[in-house]
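The values are calculated or read from the model by the stated rules, or taken from the named source; none is laboratory data. Being a predicted model, the structure only gives us computed values, none of them experimental. Cβ coordinates were reconstructed from backbone atoms using ideal geometry, including for glycine residues, and neighbour counts include every protein chain displayed. Protein only, heavy atoms only, side chains kept; ligands, DNA and RNA dropped before computing areas. Shrake-Rupley method; radii C 1.70, N 1.55, O 1.52, S 1.80 Å.
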Amino acid sequence: MRAGTVVIVIGIVVVLIGVAMRFGLLSWFGNLPGDFRWETGNSTVFIPITSMLIVSVVGSLILNLVLRLLRD
C-alpha cells in the first residue's frame, strides 16, 4: 500500500469521526466510568483516564495494522 493511499484512508476516517461527533454518536466518549471530573466553585478538573486508554489501544491497533500493510 502506498503512502498516499494511507493518507487518504486516514483522512476519510477523520471525516467519519467528525460526522459521528457532529450527530452525537460519540456523546458517551468522555463520560465513561474512570473519567474523573471535579467541579468546585469556578474550577473544573477533568481527567479522562478510561477514554484515553481506549484511544491508546485503538490507535496502537490501527498503527500496527498500517505498518504491517506497508511492510508487505
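Could you work out the relative contact order of the chain? I mean the mean sequence separation of Cα pairs under 8 Å and 6+ apart, divided by the number of residues, in percent.
26
Add -39500 (n - 2.57) for each DSSP H run of 4 or more in the chain, then divide by its residues: what number comes out at 222 nm, to the nearest 500 deg cm²/dmol?
Calculated mean residue ellipticity at 222 nm is -21000 deg cm²/dmol.
For Thr44, Thr5, write out the residues from largest to smallest accessible area, computed with a 1.4 angstrom probe and no ligands counted.
Thr44, Thr5
Note down the nm distance, to one decimal, between modelled labels 7 Å out along Cα→Cβ at Arg22 and at Val55.
Result for the modelled spin labels: 2.1 nm.
Can you give me the % of accessible surface on the chain that is carbon or sulfur? Probe 1.4 Å, all protein chains present, nothing else counted.
71
State in Å² the accessible area per residue of the chain; use a 1.4 Å probe, count heavy atoms of protein chains only, and round to the nearest integer.
In whole numbers, the chain has 85 Å² accessible per residue.
Just how large is the dipole of the chain about the Cα centre, in debye to the nearest 20, putting +1 at every Lys and Arg Cβ and -1 at every Asp and Glu Cβ?
Dipole size: approximately 260 debye.
Nearest 10 degrees, 0 to 90: what angle lies between the long axis of helix 3-22 and the longest principal axis of the chain (Cα atoms)?
So the helix axis and the longest Cα principal axis differ by about 30 degrees.
Which distance in Å, rounded to a whole number, links the C-alpha centroids of segment 40-54 and segment 55-71?
27
Using the eigenvalues of the Cα gyration tensor, what equivalent ellipsoid semi-axes result for the chain when each is taken as the square root of five times the eigenvalue, whole Å, largest first?
Square roots of five times the eigenvalues give 32, 15, 9 Å.
Suppose R0 equals 25 Å. What FRET efficiency, 1/(1 + (r/R0)^6) with r the Cβ-Cβ distance, do Ile8 and Arg71 give to the nearest 0.05?
0.85
If you count only protein heavy atoms and use a 1.4 Å probe, how large is the accessible surface of Phe29, to the nearest 10 Å²?
Result for Phe29: roughly 80 Å² accessible.
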